[in-house]
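One structure is given below, encoded as structure tokens.
Read-outs throughout are calculated quantities, based only on the coordinates presented, and are distinct from any laboratory measurement. The structure displayed is predicted, hence computed values, not measured ones. We place every Cβ from the backbone using ideal geometry, glycine too, and count neighbours over all the protein chains shown.
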Amino acid sequence: MNLWDVLLVLTTLVTGLAGGVFAAFSTFVVAGLRRVAPDDAAAAMAGINADAVRPPFMTLFGAAVVVPVVTGVIGLVGGYDGAWLVVACAVVVLVGMLGVTAAANVPLNDRLAASPDAAGWAAFDRPWSRWNHVRTVACAAACALSGAALAVA
């Protein structure tokens, strides 16, 4: 197994894991929060968002951005089979995960932190969830692209 193979496996792993985190929120975390009083949901989600910026998640999030980019560059420079699939994976992650997080989810998180009550939750819940679905699909697509690169490598 050479460096290219290791990077392909890591790219597939980190994009899949990041997508799994987002999928958890899309499939049951937010749905569970909707079962409690809106004030409680807002406070809980604000707490989750505060914890999300700690090293365990931020390391995974950063790796899901950096590893595909590095892998794509190494793949192109080295002329490896599947390099363009990894470049596509990196673009999907940069736009669909990082871009959406920065442009949509983080501003909504900040607004919820400023108003962690029923009104804040009402303004937060649906838009944040829709954008989170985009992040989930983007990570799934990035993982699939990386997996396809693994198949041709």
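Legend: helices of the chain (whole DSSP H runs) are marked when their alpha-carbon atoms reach 18 angstrom or more along the helix axis and their mean Kyte-Doolittle hydropathy is at least 1.6; marked are 3-24, 55-78. Model label sites at Asp39 and Ile74, defined 7 Å from Cα along the beta-carbon direction, differ in position by 5.3 nm. Among Ala142, Ala118, Ala18, determine the one that fluctuates most according to a GNM of the chain built with springs between C-alpha atoms less than 10 Å apart. Maximum fluctuation in the GNM of the chain, among the listed residues, is at Ala118. Computed extension gain for Asp51 through Ala122, at 0.36 nm per residue and net of the alpha carbon distance, reaches 23.4 nm.
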